[in-house]
Amino acid sequence: MKTAVKTDLFASKAPLEWAVVSNGTLYTAQIPIDQQGNVVTGGIESQARQTMENLRHTIAAAGLTMADVTQVLIYVTDRSQLPVFNRVYGEYFDAPYPNRAAMIVAGLAREEMLCEIVAYASAA
């Protein structure tokens, strides 16, 4: 059984929840959108920061902290964006860091998106 996490993030028209909890694990995917559902402008740094802020908000809405995040999958659309994403990402976590993987992809669901993350956290 899964339970949706209620957040203050933009209410997507797509059939999705920003996060669910099941069997003691929180599952979430985050993108660089603002409260109005617009992809933020300003390049990879702005998009990385918005994505990580959306993650932090979602984690807090579930009653957790960033220390509870156990794994993060990072998607960027160009290899040159990864060092910038890494710098922003590092501002949100302390050691021991979550396990993570980074992938360079040809594109994401919305053409203007440069990054997306999938994260898992211990909600037990």
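What follows is calculated from the coordinates using simple rules that are stated; it is not laboratory data. In this text the structure is predicted, and so the values were computed from the model without any measurement. As a convention, Cβ positions derive from the backbone with ideal geometry for all residues, glycine included, and neighbour counts pool all protein chains shown.
A few points about this structure:
- Only residues that are within 20 Å of Met66 (Cα to Cα), hydrophobic (A, V, I, L, M, F, W, C) and out of contact with any Phe, Trp or Tyr (no Cβ under 8 Å at 6 or more places or on another chain) were counted across the stretch 1-28, and they come to 2.
- Scanning the stretch 70-83 for residues that are surrounded by fewer than 19 Cβ atoms within 10 Å (Cβ to Cβ) and aliphatic (A, V, I, L, M) yields Leu73, Leu82.
- Checked against (1) among the polar types (S, T, N, Q); (2) part of a helix (DSSP H, G or I); (3) over 21 Å from Glu111 (Cβ atoms), Gln81 passes all but a single condition, namely (3).
- Residue within the stretch 102-124 that is basic (Lys, Arg) and either over 19 Å from Ser12 (Cβ atoms) or in a helix (DSSP H, G or I) (or both) present: no
- The stretch 89-117: number of residues that are of a type outside the set (Gly, Ala, Ser), under 24 Å from Leu16 (Cβ atoms) and surrounded by 15 or more Cβ atoms within 10 Å (Cβ to Cβ): 10
- Once the stretch 1-43 is narrowed to residues that are assigned to a loop (DSSP other than H, G, I, E, B) and small (Gly, Ala, Ser), the residue that is surrounded by the fewest Cβ atoms within 10 Å (Cβ to Cβ) is Ala14.
- For the criterion of being in contact with a strand residue (DSSP E or B) (Cβ under 8 Å, 6 or more places away or on another chain) and among the charged types (D, E, K, R), Arg100 passes.
- The stretch 44-62, subset touching a residue at least 40 places away in the same chain (Cβ under 8 Å) and surrounded by fewer than 19 Cβ atoms within 10 Å (Cβ to Cβ), residue nearest to Gln30 (Cα to Cα): His57
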